[in-house]
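Each remark here refers to the structure printed beneath this line.
The values are calculated or read from the model by the stated rules, or taken from the named source; none is laboratory data. Everything numeric in this text was worked out from a predicted model, so none of it was measured. We place every Cβ from the backbone using ideal geometry, glycine too, and count neighbours over all the protein chains shown.
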Amino acid sequence: MLKLLIDADACPVKDEIYKVADRHQLPVTLVSNSYFRFPRGGLISLQVVSDGFDAADDWIAEHAGPDTVVVTADILLAQRCLDAGATVLGNNGKAFTEASIGNAVATRGIMADLRASVGSKNDGPATSAGSGHVGGPAPFSKTDRSRFLQTLHEALERLKRSR
């Protein structure tokens, strides 16, 4: 049976996931380091893991497989889930694939190095604005939300057809 695993601590599209999962009658497991409110009944459950480093990621990676859609913004978790055969979507609706994950991991590494470099130096501007800060992702938008809904629906339909 198909299932959805959600890296839920900072997921901005939980309501959208609930709607699509209900439409497709698929179980959803929200994985988090702490309890939070979620719709009771039906096919939605919450898996609270320890607050240890990467505990939620480890749980998700251990339970991911070819019959799983994982929703996460964590690139390293996305890679682990792809290695397990799962379909992986970012919160913004962009799919992580075998073809794209290498570039995503490399970019993540470069940005981490750049942030570390900026944080360890205070000898001049690191950006054109001169703030010394390296920007993060763009704010979550309605377009991201819409793209996520479409991509999740398409991924589920594709997985159902392939079974």
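Before moving on, here are some points about what is shown:
- Test set (1) at pLDDT below 95; (2) within 21 Å of residue 76 (Cα to Cα) - residue 38 fails condition number: (2)
- Verdict on residue 130 being at pLDDT 95 or above and more than 22 Å from residue 12 (Cα to Cα): no
- Residues satisfying the stated conditions in region 71-93, i.e. under 19 Å from residue 34 (Cα atoms) and hydrophobic (A, V, I, L, M, F, W, C): 71, 73, 77
- Residues that are hydrophobic (A, V, I, L, M, F, W, C) and assigned to a strand (DSSP E or B), drawn from region 31-50: 31, 44, 46, 48
- Search result, residues across region 1-23 that are more than 15 Å from residue 151 (Cα to Cα), of a type in the set (Gly, Ala, Ser) and either at pLDDT 90 or above or surrounded by 18 or more Cβ atoms within 10 Å (Cβ to Cβ) (or both): 8
- Enumeration of residues in region 56-96 that are under 19 Å from residue 14 (Cβ atoms) and in a helix (DSSP H, G or I): 56, 57, 59, 60, 63, 77, 78, 81
- Residue match in region 26-45 (condition: of a type in the set (Lys, Arg) and without any contact (Cβ under 8 Å) to a residue 12 or more places away in the chain): yes
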